[in-house]
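J.: Right, I'll just put the structure down here and ask away after.
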Amino acid sequence: LRTIRWEEGRVLLIDQTQLPTSVCYIECRNAQSVANAIKALQIRGAPAIGVAAAMGLALTAHNSLARTTEELSRELVQSARLLRATRPTAWNLFWAADQVMRLANGYRGDVEGLRRVVVEMAISIAEEDIAANKAMGNYGASLIRDGDVLGTVCNAGWLATAGEYGTALGAVKVAKEQGKRVSVLALETRPVLQGARLTAWELKQDGIPVRVIVDGAVGYCVSKGMVDLFIVGADRIVARDGCYVFNKVGTYTAALVARRHDVPFYVAAPFSTFDFEHGVKEVVVEEREGREVSEVAGKRVVAEGVDVFNPAFDITPPHMVDGIITERGILYPPYSVSLQRFKH
Ligand code: MRU
């Protein structure tokens, strides 16, 4: 259950655009092909994108013919620029690239040593992501009671991370391992259907009952008492302004509906998703091409000449989030206070 894998000079990743019809891997041999895969959503989900960026840099280090650390560092800077330009919202991408670049900038050994430590760091970012998700799953599962139906948006399962547990879905998996009967109501997540295509497939593989609804049905279903709690993932949590949650478009709507009907709304994300550097207004919300909206399965459904708008994410304010599940524990409001306790 690995989304992405380093194998001596190549990176293998599951092509998520082909799921659930077929499970196939693509091979990336340089940072450019990793960047292309990120842009095309062949690998997606904030933590997975972060791991991919680190592995893209590892490919640059591994393939480089540089004879000095300075030369290799320059190549890494170029690759980092390429990878950072792929998707603007997912913070883990920038976090992971920064981790590797900080290591490279501070490295004082020879070029062979730098090559080795960059590859090692990429592998350890993947391993640490899996460990963080497992810890998050344990904390998240403590919120789930026997028989609960969990609502979720997009895909925040193992496919969205380095592998194995995932963030929001990790809580469901651990709850199941604990013997609780738990099921999921998954929003299909237009326009590219991560909920319908990925979350439902993942849960089916794990033997966890799941029902898919169209995004517009969330109000009806929640008002009918069909959801006991929501757990969603996050692409970026802006810590400076009190923990605003950037996540797949539709999350804010689900949070509004949950609040209206007194259904608890939680976010699950590792600390690598927390942005301590920017304010909410500085974050770019990715706008993807209109074709994702105006076409369904390659067939145009919006009249020619009609404009569409396709924001990939939305922003849920902190006062609508009942708690943030992290690998260090669950943060409760006020987040500025609880973050101080958990930050280090
Ligand atoms: O556009 P995507 O598929 O990369 O968006 C992914 C999400 O919005 C996820 O909910 C988020 O990255 C958290 S995944 C653990």
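J.: Out of the residues in region 153-171 that are β-branched (Val, Ile, Thr) and in contact with a strand residue (DSSP E or B) (Cβ under 6 Å, 6 or more places away or on another chain), state the one that is nearest to the ligand (Cβ to nearest atom). Break it down into steps so the answer makes sense when it comes.
T.: In the first step, residues of region 153-171 are kept if they are β-branched (Val, Ile, Thr); the result is 153, 161, 167.
Right, trim to in contact with a strand residue (DSSP E or B) (Cβ under 6 Å, 6 or more places away or on another chain) and you get 153, 167.
Details: Val153: 7, Thr167: 4 Å.
Of everything passing the filter in region 153-171, Thr167 is nearest to the ligand (Cβ to nearest atom).
J.: On to the next question. Select from region 81-129 the residues that are of a type in the set (Ser, Thr, Tyr) and part of a loop (DSSP other than H, G, I, E, B) and write down the one among them that is surrounded by the fewest Cβ atoms within 10 Å (Cβ to Cβ). It would help to see each step written out before you state the result.
T.: Going residue by residue through region 81-129, those that are of a type in the set (Ser, Thr, Tyr) are 86, 89, 107, 124.
Still in the list and also part of a loop (DSSP other than H, G, I, E, B): 86, 89, 107.
On the way: Thr86: 20, Thr89: 21, Tyr107: 16.
Ranking the candidates gives Tyr107 first.
J.: Hey, can you tell me all the residues within region 16-45 that are touching a helix residue (DSSP H, G or I) at 6+ places or on another chain (Cβ under 8 Å), within 16 Å of the ligand (Cβ to nearest atom) and touching a residue at least 24 places away in the same chain (Cβ under 8 Å)?
T.: Gln16, Leu19, Pro20, Val34, Ala35, Ala37, Ile38, Leu41, Gln42, Ile43, Arg44, Gly45
J.: Still on this model: Out of everything in region 14-28 that is over 15 Å from the mean Cα position of the chain (by Cα) and either hydroxyl-bearing (Ser, Thr, Tyr) or in a helix (DSSP H, G or I) (or both), what residue ends up being surrounded by the most Cβ atoms within 10 Å (Cβ to Cβ)?
T.: If we take residues in region 14-28 being over 15 Å from the mean Cα position of the chain (by Cα) and either hydroxyl-bearing (Ser, Thr, Tyr) or in a helix (DSSP H, G or I) (or both), then Thr17 is surrounded by the most Cβ atoms within 10 Å (Cβ to Cβ).
J.: A further question follows. Tell me yes or no: at least one residue of region 247-266 is in contact (Cβ under 8 Å) with a residue 40 or more places away in the chain, in a loop (DSSP other than H, G, I, E, B), within 14 Å of the ligand (Cβ to nearest atom) and out of contact with any Lys or Arg (no Cβ under 9 Å at 6 or more places or on another chain).
T.: Taking every residue of region 247-266 in turn, none turns out to be in contact (Cβ under 8 Å) with a residue 40 or more places away in the chain, in a loop (DSSP other than H, G, I, E, B), within 14 Å of the ligand (Cβ to nearest atom) and out of contact with any Lys or Arg (no Cβ under 9 Å at 6 or more places or on another chain).
J.: Take region 292-334 and flag every residue that is in a loop (DSSP other than H, G, I, E, B), acidic (Asp, Glu) and touching a residue at least 12 places away in the same chain (Cβ under 8 Å). Full working, then the answer.
T.: So in region 292-334, the residues in a loop (DSSP other than H, G, I, E, B) come out as 297-298, 301-310, 312, 317, 321-322, 327-328, 332-334.
Next, only the ones that are acidic (Asp, Glu) stay: 304, 307, 322, 327.
Of everything in region 292-334, those that are in a loop (DSSP other than H, G, I, E, B), acidic (Asp, Glu) and touching a residue at least 12 places away in the same chain (Cβ under 8 Å) turn out to be Asp307, Asp322, Glu327.
J.: Another question, if that's okay. Evaluate region 2-13: report whether one residue or more is under 18 Å from Asp275 (Cβ atoms), in contact (Cβ under 8 Å) with a residue 40 or more places away in the chain and touching a Lys or Arg at 6+ places or on another chain (Cβ under 8 Å).
T.: To start, the set of residues in region 2-13 that are under 18 Å from Asp275 (Cβ atoms) comprises none.
There is no residue in region 2-13 that is under 18 Å from Asp275 (Cβ atoms), in contact (Cβ under 8 Å) with a residue 40 or more places away in the chain and touching a Lys or Arg at 6+ places or on another chain (Cβ under 8 Å).
J.: Test Lys176 against the criterion of being part of a helix (DSSP H, G or I), surrounded by fewer than 22 Cβ atoms within 10 Å (Cβ to Cβ) and modelled with pLDDT of 95 or more, and give yes or no.
T.: Here the answer is yes, as Lys176 does meet what is asked.
J.: Can you pull out the residues in region 46-103 that are over 23 Å from Arg5 (Cβ atoms), within 16 Å of the ligand (Cβ to nearest atom) and either without any contact (Cβ under 8 Å) to a residue 60 or more places away in the chain or more than 19 Å from the chain's Cα centre (by Cα) (or both)?
T.: Within region 46-103, just Ala85 meets the criteria.
J.: Okay, moving on. Report yes if Ser73 is closer than 30 Å to Tyr165 by Cα and part of a helix (DSSP H, G or I), otherwise no.
T.: Numbers: closer than 30 Å to Tyr165 by Cα: no; part of a helix (DSSP H, G or I): yes.
No: the conditions fail for Ser73.
J.: Where the second residue is in a loop (DSSP other than H, G, I, E, B) and the first is among the hydroxyl-bearing types (Ser, Thr, Tyr) and lies in region 177-194, which pairs have Cβ atoms under 7 Å and are six or more apart or on separate chains?
T.: Ser183/Ile208; Ser183/Pro209; Thr189/Val153; Thr189/Cys154; Thr189/Gly250
J.: For region 1-13, name all the residues that are part of a loop (DSSP other than H, G, I, E, B) and either surrounded by 15 or more Cβ atoms within 10 Å (Cβ to Cβ) or in contact with a strand residue (DSSP E or B) (Cβ under 9 Å, 6 or more places away or on another chain) (or both). Lay out the reasoning, then the answer.
T.: Initial filter on region 1-13 (part of a loop (DSSP other than H, G, I, E, B)): 1, 3, 8-9.
Across region 1-13, the qualifying residues are Leu1, Thr3.
J.: Do you know which residues across region 29-68 are crowded, with 24+ Cβ neighbours inside 10 Å, over 19 Å from Gly233 (Cβ atoms) and not aliphatic (A, V, I, L, M)?
T.: Within region 29-68, Gly56, Thr60 meet the criteria.
J.: Shifting gears a bit: Mind telling me which of the residues Val267, Val263 ends up being closer than 22 Å to Pro88 by Cβ, touching a Gly at 6+ places or on another chain (Cβ under 8 Å) and of a type in the set (Val, Ile, Thr)? Step through it out loud before you land on a result.
T.: On the way: Val263 fails: closer than 22 Å to Pro88 by Cβ.
None of the others qualify; the one that does is Val267.
J.: Do we have Glu295 as acidic (Asp, Glu), more than 14 Å from the ligand (Cβ to nearest atom) and surrounded by fewer than 18 Cβ atoms within 10 Å (Cβ to Cβ) here?
T.: It is true that Glu295 is acidic (Asp, Glu), more than 14 Å from the ligand (Cβ to nearest atom) and surrounded by fewer than 18 Cβ atoms within 10 Å (Cβ to Cβ).
J.: May I ask you to verify whether Asn155 is surrounded by 22 or more Cβ atoms within 10 Å (Cβ to Cβ) and outside any helix (DSSP H, G or I)?
T.: So Asn155 passes the test.
The values are calculated or read from the model by the stated rules, or taken from the named source; none is laboratory data. Not measured: the values here are computed from a predicted model. Note that each Cβ is placed from the backbone with ideal geometry, even for glycine, and that neighbours are counted across all protein chains shown.
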